[in-house]
Every structure is written in structure tokens, then in C-alpha cells.
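Single-structure report; data block below.
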Amino acid sequence: MVRRISSSTYRVLSFIIRYKNLNKGLSPSIREICQGCCFHSSSQGHYHLMRLESLGLIDRFARRPRSIRLIGEQWVSPEDRDA
């Protein structure tokens, strides 16, 4: 099954993967996601996180900051895969 996501949602997923790779598995905060993806509002970041969660690509624990877990196989940033 192919999952289609918007370019902005894909950008958030890519940012999370890169961030976790660079920070020994630590998840980014919502503010770091918004800053890294050039969003002007934290609600934009929340929307894309909820979208990724509804697609089954990430899992989050309610009321716990930096609790994003990537679902599935071993995740590699698309930029790193091509290198």
C-alpha cells in the first residue's frame, strides 16, 4: 500500500529522521520541528505530527515532550540514502 503525504508533511518526517540521527535518537521538540521546517506557527507542526501519526508513520506519547517514535523498518534520511 502506497501512502501519499504532502510535501510539508514529508519535510517534517525527514526533519525528524535527520534530527534523531544527529542527536543519538533524541526526538525534536515541536519548536525545533517548526524552526527546522520554516513553519511560522506551532499549530502547523502539530497538524503535520497528527497527520504522520494517523498514517502510522510515527507514534507519540500524550503529554510527554520529545516522545516521537518512528514506526517501521530502519529509518534513513532520504538525503543519506542517495549518498
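Annotations for the structure displayed:
- When the criteria are applied in full, Pro28 meets the requirement of being at pLDDT 85 or above, within 11 Å of the chain's Cα centre (by Cα) and part of a loop (DSSP other than H, G, I, E, B).
Condition check ((1) buried (at least 16 other Cβ atoms within 10 Å of the Cβ); (2) of a type in the set (D, E, K, R); (3) modelled with pLDDT under 95) across all residues:
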residue	(1), (2), (3)
Val2	no, no, yes
Ser7	no, no, yes
Phe15	yes, no, no
Ile33	yes, no, no
Leu55	no, no, yes
Asp59	no, yes, yes
Ala62	no, no, yes
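- The lone criterion from (1) modelled with pLDDT of 85 or more; (2) out of contact with any strand residue (DSSP E or B) (no Cβ under 6 Å at 6 or more places or on another chain) left unmet by Arg69 is number (2).
The values are calculated or read from the model by the stated rules, or taken from the named source; none is laboratory data. Since the model is a prediction, treat every value here as computed from it, not as a measurement. Note: ideal-geometry Cβ built from the backbone for every residue, glycine included; neighbour counts use all protein chains shown.
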